[in-house]
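These notes concern the structure reproduced below.
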Amino acid sequence: MRPEAEKLLRWYDAEHRRLPWRTHPSAYGTWVSETMLQQTRVETVIGYYLRFLDAFPDVAALARAEEAQVLKLWEGLGYYARACNLHRGARQVMTLYGGSLPRTSDELKTIHGIGPYTAAAIASIAFGEPVPAVDGNALRVISRLRGIRENVRAAAVAKLIDAEAAALVPPERPGDFNQAVMDLGARVCVPGTPDCDACPLRADCAALKAGIAEELPCVPKKKPPLTQQWTVALIRCGDRWLMRQRTESLLRGLWVFPMVEGRPEQSSLPDALERLTGLRVSPPSELGEARHVFTHRVWEMKLCAAQTEDSQPKEGWRFFTAEQLRALAVPTAMRGAVKALYQLADDR
Ligand code: SF4
């Protein structure tokens with residue numbers, strides 16, 4: 001075992017985070033946790049993971065579920081395509097592998113929604129395959145450790161980082177090593193200012209020696225997020241409210257209220273809503289503003305409420321009572337609108 005791997009594992013044995021998916025590691029638990037952890041903080045994931053495993057304790061239970069149930073349990077976690085992919089992947093594992101995940105990273109990559117990183121994480125943690133799992137944390141740690149100054153998004157540089165990581169993975173404990181790198185990246189070798197004094201690799205780190213740890217990894221500047229303006233309408237018919245299940249890739253499968261692009265004049269809003277939903281509505285009243293930040297875009301939303309006597313909307317739209325709405329998977333972006341809806345429903 002390389003001395004760097006040995007130092008890192010010693011640190012991991014003493015310092016590792018006690019996380020529910022590490023207590024009794026399984027291929028399925030690793031798959032679920034690694035999928036949830038993509039773009040999401042560990043503290044947020046813990047509760048979702050426990051509820052998910054409670055509802056779907058194994059691949060077969062997940063494969064049997066309806067997509068709506070899976071999305072409901074994912075509600076608030078964001079990046080909902082991950083939930084749909086996990087669900088689709090579970091069905092594929094049932095069909096192709098009789099419900100047991102395959103044991104190699106190459107086979108795992110053939111499952112829907114499992115990319116190179118997740119495949120390597122499952123194969124190393126659950127099956128002991130000595131492959132590196134290179135996520136954003138590992139990329140930062142390795143690029144600093146080896147003092148790699150080139151753009152880490154460039155294919156050749158990413159390949160180099162993979163090779164450096166692969167050379168470090170000890171065949172005796174590949175899963176622990178990968179988790180140690182993840183922990184180090186999350187807690188010590190953090191973005192911005194790393195805590196090099198607390199790092200078990202400080203004597204080996206090229207970036208620290210060169211005084212450039214804070215400048216690495218080298219990543220091109222992100223484009224600023226795109227801001228979009230929406231008018232979101234709570235349309236009521238009696239005690240029911242109009243919603244639609246999204247088919248667009250962003251928030252696909254989640255339920256949202258009617259959304260008109262931009263900020264139309266109050267006087268032209270009923271026409272815009274009629275074109276969208278097929279329903280004639282009363283002049284809407286304003287309810288306030290809401291804002292939601294996605295990774296690449298921001299929704300600035302004006303909320304309003306309107307009534308309709310017409311209960312036959314265009315295809316794709318459905319009415320729900322406030323009570324029924326609680327069972328639907330609604331994205332966090334609609335949280336302000338949902339809150340306003342419950343206030344209106346209570347005020348009646
Ligand atoms: S010494 Fe500092 S920069 Fe180098 S790996 Fe450790 S925390 Fe990261």
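Values in this text are rule-based calculations from the coordinates and carry no lab data. Just so it is clear, the model here is predicted, and its values are computed rather than measured. Cβ coordinates were reconstructed from backbone atoms using ideal geometry, including for glycine residues, and neighbour counts include every protein chain displayed.
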**Complete:** Rounded to the angstrom and largest first, Cα extents along the principal axes for the range 159-219 equal 32, 25, 21
**Request:** Specify which residue in the list ALA68, ASN85, MET36 is farthest towards the positive end of the charge dipole of the range 20-144, using unit charges on the beta carbon of Lys, Arg (+1) and Asp, Glu (-1), about the Cα centre.
**Result:** MET36
**Request:** Can you tell me the 0 to 90 degree angle between the C-alpha axis of helix 335-347 and the longest principal axis of the chain, rounded to 10?
**Result:** 40 degrees
**Asked** If you place +1 on the Cβ of every Lys and Arg and -1 on the Cβ of every Asp and Glu, how big does the dipole about the Cα centre of the chain come out, in debye to the nearest 20?
**Response** 300 debye
**Request:** Can you tell me the 0 to 90 degree angle between the C-alpha axis of helix 42-55 and the longest principal axis of the chain, rounded to 10?
**Result:** 70 degrees
**Complete:** Semi-axes (Å, rounded, descending) of the ellipsoid equivalent to the chain per its C-alpha gyration tensor are 45, 24, 16
**Message:** For the chain, take the longest principal axis of its alpha carbons; what is the angle in degrees between that and the long axis of helix 116-127, to the nearest 10 within 0 to 90?
**Reply:** 60 degrees
**Request:** Arrange the following residues from fewest to most other Cβ atoms within 10 Å of their Cβ: VAL190, VAL141, VAL338.
**Result:** VAL190, VAL338, VAL141
**Prompt:** Across the chain, how many lysine pairs separated by 8 or more positions, or lying on different chains, have Cα atoms within less than 22 Å?
**Reply:** 6
**Asked** What number comes out for the charge environment of VAL260, summing +1 per Lys or Arg and -1 per Asp or Glu over other residues with Cβ under 12 Å away?
**Response** -1
**Message:** Apply the a/c threshold of 1.5 to the C-alpha gyration tensor of the range 101-235 and tell me whether it is rounded, prolate or oblate.
**Reply:** oblate
**10 Å beta-carbon shell around PRO200, net charge (K/R +1, D/E -1)** = -1
**Prompt:** PHE319: net charge of surrounding residues, Cβ under 10 Å, Lys/Arg +1, Asp/Glu -1, itself excluded?
**Reply:** +2
**Message:** Against the 2.2 N^0.38 Å scaling, with N counting residues, where does the range 201-324 land? I'd like the Cα-based Rg ratio to two decimal places.
**Reply:** 1.61
**Request:** State to the nearest 20 debye the size of the charge dipole of the range 226-347 about its Cα centre, where the only charges are +1 on K and R beta carbons and -1 on D and E beta carbons.
**Result:** 460 debye
**MRE, 222 nm, helices only [DSSP H, n ≥ 4, -39500 (n - 2.57), over the chain, to nearest 500]** = -13500 deg cm²/dmol
**Prompt:** Once the dipole of the chain is set up with Lys and Arg at +1 and Asp and Glu at -1 on Cβ about the Cα centre, which of TRP317, SER249, GLY238 lies farthest towards its positive end?
**Reply:** SER249
**Request:** On a C-alpha basis, how far is the centre of the range 104-129 from the centre of the range 59-80 in Å? Whole number, if you could?
**Result:** 21 Å
**Request:** Would you mind pulling out the separation of the Cα centroids of the range 140-214 and the range 273-306, in Å?
**Result:** 45 Å
